[in-house]
Amino acid sequence: MIKFYYSGAPNPMKVALMLEETGLPYEPVPVDTRKGDQHKPDYLAINPNAKVPSIADGDVKVFDSSAILMYLAEKTGKFLPPKSDKSRAELLSWMFFISSGVGPFSGQSVHFRNYAPEKIEYALNRYMYEAQRHYGIVEARLAKQKYMLGDTYTIVDMNLWGWARLIPNALGETYWAKFPNLKRLIDEISARDAAKRALAIKEKHKHTFKTELDDEAKRAMFRHMHEKVA
Ligand SMILES: N[C@@H](CCC(=O)N[C@@H](CS)C(=O)NCC(=O)O)C(=O)O
């Protein structure tokens, strides 16, 4: 059975959605990143990057959410576009666009808005601008078609759902108004039974995660605060 190393954060939740959509049997294993579980040697053997999510499928280990989505889609043959060079090129382009753009810029935007000890105007504007620019590109695409790759719901939509459903947190409450087509897609995905089950894994398995962002949590997740390298 697939072991799914997770927390309730955006990147693990898109993999939870895919696992639930495929119906593959899996065992969720909590990784409490606020307690530093991600740095334990046993976990680093699965994900040397010390982040969630990752999966172990027998002796196959996969880390990074987009890689896991691709792995599960190829394993099951589900939630992929129709087979053609053109579709595969679109799939790869949008998967990488999300993992190298949407995810990191949204994450940094949240970090500088909510967690940075000082409010640095330049960083706030830079990350907010880039996050919005990326969502704007997605919005223009979704104004013309139902899903990211056309008429079919695929892993690209799931990949987007991970971060985009948190737009009010990443960009501010008012920003949904700017991206009505993206909101339409995210609402549609959130209403799916698989998405509801994904977001309820914690409760279903009675897993608890630390919620306080105290010194232990900051040491585990924001290691740069304690190590000056620049
Ligand atoms: N590129 C990675 C990023 C993973 C990532 O940043 N995960 C966050 C949760 S969304 C995490 O593990 N945070 C804890 C930490 O940074 O220590 C992916 O897409 O899986």
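Structure notes:
- Positive-end ranking of F97, S65, A50 along the dipole of the chain, with charges on Cβ about the Cα centre, is headed by F97.
- For K228 and S93, a Förster radius of 35 Å and the Cβ-Cβ distance give a FRET efficiency of 0.40, rounded to the nearest 0.05.
- Computed about the Cα centre, the dipole magnitude for region 61-124 is approximately 300 debye when only Lys and Arg (+1) and Asp and Glu (-1) carry charge, each at its Cβ.
- Of the GluC sites (Glu not before Pro) in region 148-230, those whose Cβ has at most 10 other Cβ within 10 Å and which sit in DSSP loop: E212, E227
- In the chain, the portion of solvent-accessible area held by carbon and sulfur atoms comes to 53 percent [1.4 Å probe, whole percent, DNA, RNA and ligands not counted].
- Applying a threshold of 32 Å to the alpha-carbon distances of K40/K146; K61/K178; K183/K204; K14/K35; K75/K183 flags K40/K146; K61/K178 as lying beyond it.
- Amide H partners (placed H, <5 Å) of V29, local residues excluded: F4, Y5, Y6
- Contour excess over end-to-end distance, with Cα ends at K204 and K61 and 0.36 nm allotted per residue: 49.0 nm
- Normalised Debye scattering of region 137-230 at q = 0.14, 0.16, 0.19 Å⁻¹ gives log10 I(q)/I(0) of -0.73, -0.84, -0.97, counting only Cα atoms as equal scatterers and leaving out solvent.
- Rolling a 1.4 Å probe over the protein heavy atoms leaves R192 with an accessible area of roughly 80 Å².
- Solvent-accessible surface of protein heavy atoms, probed at 1.4 angstrom with all chains present, puts H207, H224 in the order H224, H207, largest first.
- For S84, solvent-accessible area (1.4 Å; no DNA, RNA or ligand), Å²: 60 Å²
- Max mean-square fluctuation residue, GNM over the chain, Cα-Cα springs under 10 Å, options V60, V156, V110: V60
- The simple Förster model, with R0 at 45 Å and r as the Cβ-Cβ distance, assigns D214 and R192 a FRET efficiency of 0.80.
- Label-to-label distance, I137 versus D85, with points set 7 angstrom from Cα along the beta-carbon direction: 2.3 nm.
- P(r) tail for region 184-230: Cα pairs beyond 18 Å make up 58% of the total.
- Of S109, S65, S190, the one that fluctuates the most in a GNM where the chain has Cα springs shorter than 10 Å: S190
- Each Lys and Arg adds +1 at its Cβ and each Asp and Glu adds -1 at its Cβ; summed about the Cα centre, the chain shows a dipole of about 260 debye.
- Y127 - accessible surface, heavy atoms, 1.4 Å probe, Å² rounded to 10: 60 Å²
- Whole-Hz ³J(HN,Hα) from phi, Karplus 6.51 cos²θ - 1.76 cosθ + 1.60, for region 219-224, glycine and proline x: 4, 6, 9, 10, 5, 4
- The residues of the chain have, on average, 52 Å² of accessible surface per residue, using a 1.4 Å probe with all protein chains present.
- Computed about the Cα centre, the dipole magnitude for region 1-40 is approximately 200 debye when only Lys and Arg (+1) and Asp and Glu (-1) carry charge, each at its Cβ.
- Computed over the chain, the Cα gyration tensor eigenvalues convert (square root of 5λ each) into semi-axes of 27, 24, 16 Å, ordered from largest to smallest.
The values are calculated or read from the model by the stated rules, or taken from the named source; none is laboratory data. No experiment lies behind these values; they were computed from the predicted model shown. So basically every Cβ, Gly included, is an ideal-geometry build from the backbone, and we count neighbours across all protein chains shown. We work out accessible area using only protein heavy atoms, side chains counted, and drop any ligands, DNA or RNA first. Shrake-Rupley method; radii C 1.70, N 1.55, O 1.52, S 1.80 Å.
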